[in-house]
Amino acid sequence: MQKGIEEGRSSVEKTMRNQFKSYLLNYVATLKQQYKTTNKDIINRYIAFVEVNNEYITPRVDQAAKKELLDEVQKGNVGVTKEVLIIEEFRAVFSIYKMLLNHPQNTSKQIELQKEKMYERAEKLGATELFEDILAEHRLVKLDETNYIRYLQEIVSVLDSEDARAFINELTNDIVECMLVDSVMEPYEKEIMQNIANTFSNLLDTNRQKLTAF
């Protein structure tokens with residue numbers, strides 16, 4: 001009888017071990033699949049961001065190097081982290097800042113005040129060095145007051161709906177704050193905000209829609 005009990009116990013223990021082993025294997029497989037999917041999403045978004053930024057804001061002298069980097073990423077030779085992706089998103093935000101600063105109707109006083117506000121925002125994002133690099137870049141780029149809407153549309157197309165909403169709302173809030181540093185919104189500034197509001201009305205929340213109604 002004792003032998004039967006021991007055999008039964010051994011059988012139960014073996015079954016439990018097998019079940020636990022099966023659970024661990026399934027858990028590890030799930031983690032691997034989640035990582036693979038997440039990593040793939042980050043890589044695809046990074047590639048799309050770099051391609052858009054390469055077209056509009058990357059200086060021509062640097063575009064070839066960026067394309068070579070993308071080739072290596074697509075081959076799997078270079079890894080992409082979420083932090084690297086965020087840098088491309090910051091480049092997009094700061095380039096819109098620069099577009100405003102470089103607007104032909106912007107006065108030197110407005111530029112000075114706006115730049116201070118933008119620098120504050122860059123500090124909060126922990127990206128002052130990147131912001132300074134973009135401002136210091138004087139080589140010809142395509143992004144200006146004539147095509148910023150198309151650029152933003154391409155950026156939004158790269159993002160999922162939740163991220164696109166956050167991107168446009170935060171950018172709108174930043175730009176409005178910069179425009180109002182002198183307590184006045186000039187006609188060309190109103191036009192910029194109205195164009196953004198009209199184009200991305202489905203993404204702007206109520207508070208941001210009010211910000212554009214000057």
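Structure values in brief
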| item | result |
| --- | --- |
| Point-charge dipole on Cβ atoms (K/R +1, D/E -1) for the range 91-207, about Cα centre, debye to 20 | 260 |
| Label point distance in nm, residue 186-residue 18, each placed 7 Å from Cα along Cα→Cβ | 7.8 |
| Simple Cβ-charge dipole of the range 37-119, Lys/Arg +1 and Asp/Glu -1, about Cα centre, in debye nearest 20 | 200 |
| Integer Hz, Karplus 6.51/-1.76/1.60 couplings in order for the range 43-59, x for Gly and Pro | 4, 4, 5, 4, 4, 5, 4, 5, 5, 5, 5, 4, 6, 9, 10, 7, x |
| Derived scalar couplings ³J(HN,Hα) [the range 119-129; Karplus, 6.51 cos²θ - 1.76 cosθ + 1.60; whole Hz; x for Gly, Pro] | 5, 4, 5, 4, 4, 4, 7, x, 9, 5, 5 |
| From phi via Karplus (6.51, -1.76, 1.60), per-residue ³J(HN,Hα) for the range 85-97 in Hz, x at Gly/Pro | 4, 4, 4, 5, 5, 4, 4, 5, 4, 5, 6, 5, 3 |
| Ranked packing of 86-94, 159-167, most packed first, by mean Cβ within 10 Å | 86-94, 159-167 |
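Coordinate-derived values only; no laboratory data. Computed from a prediction, not measured in an experiment: that's the story for all the values here. Cβ atoms come from the backbone with ideal geometry, glycine included; neighbour counts cover every protein chain shown.
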